[in-house]
Amino acid sequence: VTGGAGQAVALQQVLNLGKGWSVPFFEGNGNYDALVALMDWVQKKKPVEKIIATTKETSGKMKQQPICKYPAKAQYNRGYVYSADSWVCS
């Protein structure tokens, strides 16, 4: 597999990743998908400031928290603790 245009499709075929994205529910969204964020950075010169880590509980509820660009750290601000909007990178 080589980088560049069509890499997501190549990953789909080689690694059997469904539609070719590594994060369900946020397909093709560089705010949630590290592979898409990296591709946007390289191909579109869009730097990555943060990626929102997401997990889904068995109840169906999503838990989200940002992974911040070094040296910033995710700090809880206010609101629902499992919502990415409740955190800031500082």
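The values are calculated or read from the model by the stated rules, or taken from the named source; none is laboratory data. Here the structure is a predicted model, which is why all the values come from computation and not from measurement. Note: ideal-geometry Cβ built from the backbone for every residue, glycine included; neighbour counts use all protein chains shown. Only protein heavy atoms, including side chains, enter the accessible area calculation; ligands, DNA and RNA are left aside. Shrake-Rupley method; radii C 1.70, N 1.55, O 1.52, S 1.80 Å.
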Among the residues of the range 33-58 satisfying the criterion of being open to solvent by 90 Å² or more (accessible area, probe 1.4 Å) and in a loop (DSSP other than H, G, I, E, B), which is nearest to Y82 (Cα to Cα)? T58
For K61, the lone unmet condition from (1) open to solvent by 100 Å² or more (accessible area, probe 1.4 Å); (2) under 17 Å from the mean Cα position of the chain (by Cα); (3) of a type in the set (K, R); (4) modelled with pLDDT of 85 or more is (2)
Pull out all pairs, ordered by first then second residue, where Cβ-Cβ is under 8 Å, the residues are six or more apart or on different chains, the first lies in the range 49-63 and is under 13 Å from D33 (Cβ atoms) and in contact (Cβ under 8 Å) with a residue 40 or more places away in the chain, and the second is open to solvent by 60 Å² or more (accessible area, probe 1.4 Å) and of a type in the set (S, T, N, Q). none
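Please verify whether the range 64-72 includes one or more residues that are out of contact with any Gly (no Cβ under 7 Å at 6 or more places or on another chain) and at pLDDT below 80.
Within the range 64-72, the subset out of contact with any Gly (no Cβ under 7 Å at 6 or more places or on another chain) is 64-72.
Next cut, at pLDDT below 80 only: none.
No, the range 64-72 contains no residue that is out of contact with any Gly (no Cβ under 7 Å at 6 or more places or on another chain) and at pLDDT below 80.
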